[in-house]
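For reference, the structure is listed below as structure tokens.
Just so it is clear, none of the values below were taken in a lab; they were calculated from the coordinates. Since the model is a prediction, treat every value here as computed from it, not as a measurement. Here Cβ is always computed from backbone atoms with ideal geometry, including for glycine, and neighbour counts include all displayed protein chains.
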Amino acid sequence: MNSGKSLILLLFIFITSALTLTTGCGVIIDYANDNELYWGALVAPRFVSPVKLRVAVAPFVDEVGLGAPEAGANLARLLSEELAKSSELDLVPLEEVKAALNTMDISGQITPEKAAQIGSTLRLNALVIGSVSEVKKYNQRKGWRRLARFFTSQREYVDAVLAISAIDITTGIILVSRANTGEYNSGPSEKGFFDKGEKGEFLSQEAMEGSLNEALVESYHRTLNGLAALPFKARVISTGDRATISFGRDVGIKPGLEFVRLEVLRTLTNTIGESYQIMGAAVAHLKVVEVDDHSASLEIMDGQVYPDDIIQAIN
């Protein structure tokens with residue numbers, strides 16, 4: 001009898017938790033953390049920057065040959081449109097990014113050095129780059145189907161892998177770099193993902209778009225979380241009685257906002273080539289006194305700053 005009551009109680013707790021999803025409680029899937037299950041509310045990324053971050057997404061590199069000439073640009077446009085929904089970001093339109101790349105004659109993979117050039121031209125805090133690194137098809141039984149082999153058929157899947165990085169253009173440091181897989185399930189294997197063509201088999205449009213869309217969903221959440229941890233930083237473009245930066249009202253800078261220049265103690269590089277800076281104490285303190293649409297003047301309250309120095313906004 002007691003075991004029956006316990007079972008009913010557990011079912012009640014489970015159903016109650018499921019029904020309270022819309023109010024911010026219960027079991028949720030946080031796509032920004034490897035699809036692990038967490039108890040609690042789905043909390044939006046907490047941005048540390050007191051103003052908007054100006055971000056651009058470069059056209060993706062098509063490493064697998066998707067066949068469409070604008071495939072890389074279209075993927076970048078979709079990710080850019082999703083990121084633009086965040087009120088914490090100021091997204092540069094893809095057409096402006098493509099125009100800058102053409103002017104600078106930059107194509108293919110973008111290195112951190114090239115990212116710094118693009119960032120200076122477009123007045124960026126971060127640049128998002130990506131590539132389609134793999135598309136594969138396979139047949140498999142998953143979940144409960146593995147336990148019912150005599151009653152179920154294998155299902156066909158297509159996995160698209162997008163490798164995406166967000167680069168802090170003031171330092172060249174990679175904020176987030178992940179390979180995100182989008183799995184698309186078309187149902188029983190008899191349905192067939194592949195169409196016959198003159199050169200053999202190729203992926204159907206439905207399968208390709210479905211798998212890439214799933215990968216983009218995963219990429220969006222992870223990229224947003226990486227950007228959320230980036231403090232607002234700006235490069236000093238001129239000094240004198242005041243220091244000038246190339247950000248203004250466009251990202252929400254207002255008079256009174258304070259900046260500091262931090263001492264860089266050392267730079268560390270991990271085993272996969274990602275670099276991190278160990279910052280020290282503040283060696284200069286500045287305050288915004290005048291703001292235009294795309295620039296701001298700062299009073300140097302103490303310490304010294306020079307052109308090309310990186311200063312960081314403080315809350």
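Per-structure values
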read-out: Distant-in-sequence amide H partners of residue 90 (H built 1.01 Å from N, under 5 Å); value: 53, 54, 55
read-out: Karplus (6.51, -1.76, 1.60) ³J(HN,Hα), θ = phi - 60°, over the range 92-102, in Hz, Gly and Pro reported as x; value: 7, x, 4, 4, 5, 5, 4, 5, 5, 5, 5
read-out: Long-range HN-HN contacts of residue 169 with modeled amide H, under 5 Å; value: 126, 127
read-out: ³J(HN,Hα) computed for each position of the range 106-123 - Karplus, 6.51 cos²θ - 1.76 cosθ + 1.60, integer Hz, glycine/proline x; value: 10, 9, x, 5, 9, 7, x, 5, 5, 4, 5, 5, 4, x, 5, 5, 9, 6
read-out: Computed lengthening from residue 281 to residue 64, 0.36 nm per intervening residue step minus Cα-Cα distance; value: 73.5 nm
read-out: Computed FRET value (nearest 0.05) for residue 242 with residue 293, which takes r as the C-beta separation and R₀ as 22 Å; value: 0.80
read-out: Amide hydrogen neighbours beyond the local backbone of residue 284, cut-off 5 Å, H modeled; value: 261
read-out: Spin-label zone in the range 91-118 - amide nitrogen under 15 Å from a point set 7 Å from the Cα of residue 81 along the C-beta vector; value: 93-95
